[in-house]
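The values are calculated or read from the model by the stated rules, or taken from the named source; none is laboratory data. This one's a predicted model, so the numbers in the text were calculated from it and none came from an experiment. A quick note on method: Cβ atoms are made from the backbone with ideal geometry, for glycine too, and the neighbour counts reach across all protein chains shown.
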Amino acid sequence: MQPRAGLRNCWNLLGYGSNASFRNYMDRLLEATRRAEQRHFWFRGFRAFVRPLVAVAVAGHAAPRILDCGCGTGANLVMLGEYGRSFGFDISREGLNFAREYGQARIAHASITHIPFRDASFDLVTAFDVLYSLTEEQEAAAAQEIFRVLRPGGSLIINVAALQILRGSHSVFGSELRRSTRPRLRALLSRYGFDVQRLTYTNFVLFPLMLTVRTWQRVMGLATPEETGGDIAVPAPVLNETLSALLHVEAAALRRIDMPIGSSLLCVARRPPAR
């Protein structure tokens, strides 16, 4: 399957129409993300969750090579670049343009089902909010491709949307085909050779609010693709700072314990060392 065709097929599965609609949708998604990702509480909380995991994953590597699958606007490449030499690819050329604005040059236009790097070439691979927009066939291919490009003993950090009861209008905007559970994600990675080392829910502190809002959205009817995207806008400063502070408290707790429930699943897995 050609790189752009994979996500376009997901778009068609969701019933959203033409190639022009697909391009407009992707542009809107990336533009909304680019505007909000430095200040929005969700992105700030996410980086607080991920940073300690990245630090542990690259510890002991003198010059770690890090690959971000579906690098989007490139903001996470900037973060990952603090820990090693970061590379990225994305299916969207618009996303790659944003990544260049962040000063990222080691980027490629490609699909996670056909990763354009040689075997065993990275110490850490990340895939943040990518797998849930893939069909099951594409998801399997992605897992195998990630395993291929990881060095033996290398680590994988994945973030996916969790729990179908949290499906809402943002799911339309995010092109979600599924929201995962802990057993499902563990089974997927184990099936393709990974050793799952940690698997926790995140955004635990937001769960009651999100459950209420998204249940109401389903009752009232989910928004169309043209209507979605408002929840990526940065909220009022007091609310944004309050929610950001709560997520940082959760991030501190995550250094010691796993969360029992939440809107996302964060996983650390490893390709077993060579024998």
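Hydrophobic (A, V, I, L, M, F, W, C), modelled with pLDDT of 95 or more, crowded, with 20+ Cβ neighbours inside 10 Å and under 22 Å from Leu247 (Cβ atoms): does that describe Ala48? In short, no. Among the residues here, Arg256 qualifies as of a type in the set (Lys, Arg), surrounded by fewer than 13 Cβ atoms within 10 Å (Cβ to Cβ), modelled with pLDDT of 95 or more and over 22 Å from Arg39 (Cα atoms).
Of Glu241, Glu250, all but one fail to be surrounded by 13 or more Cβ atoms within 10 Å (Cβ to Cβ) and out of contact with any strand residue (DSSP E or B) (no Cβ under 8 Å at 6 or more places or on another chain); the exception is Glu241. So is Ala127 crowded, with 20+ Cβ neighbours inside 10 Å, under 24 Å from Ala75 (Cα atoms), touching a residue at least 24 places away in the same chain (Cβ under 8 Å) and out of contact with any Cys (no Cβ under 9 Å at 6 or more places or on another chain) or not? Answer is no for this residue.
When Leu163 is tested against (1) at positive phi; (2) touching a helix residue (DSSP H, G or I) at 6+ places or on another chain (Cβ under 7 Å); (3) crowded, with 20+ Cβ neighbours inside 10 Å, only condition (2) is not met. Do we have Arg179 as within 24 Å of Ala127 (Cβ to Cβ), under 21 Å from the mean Cα position of the chain (by Cα) and touching a residue at least 24 places away in the same chain (Cβ under 8 Å) here? So Arg179 passes the test.
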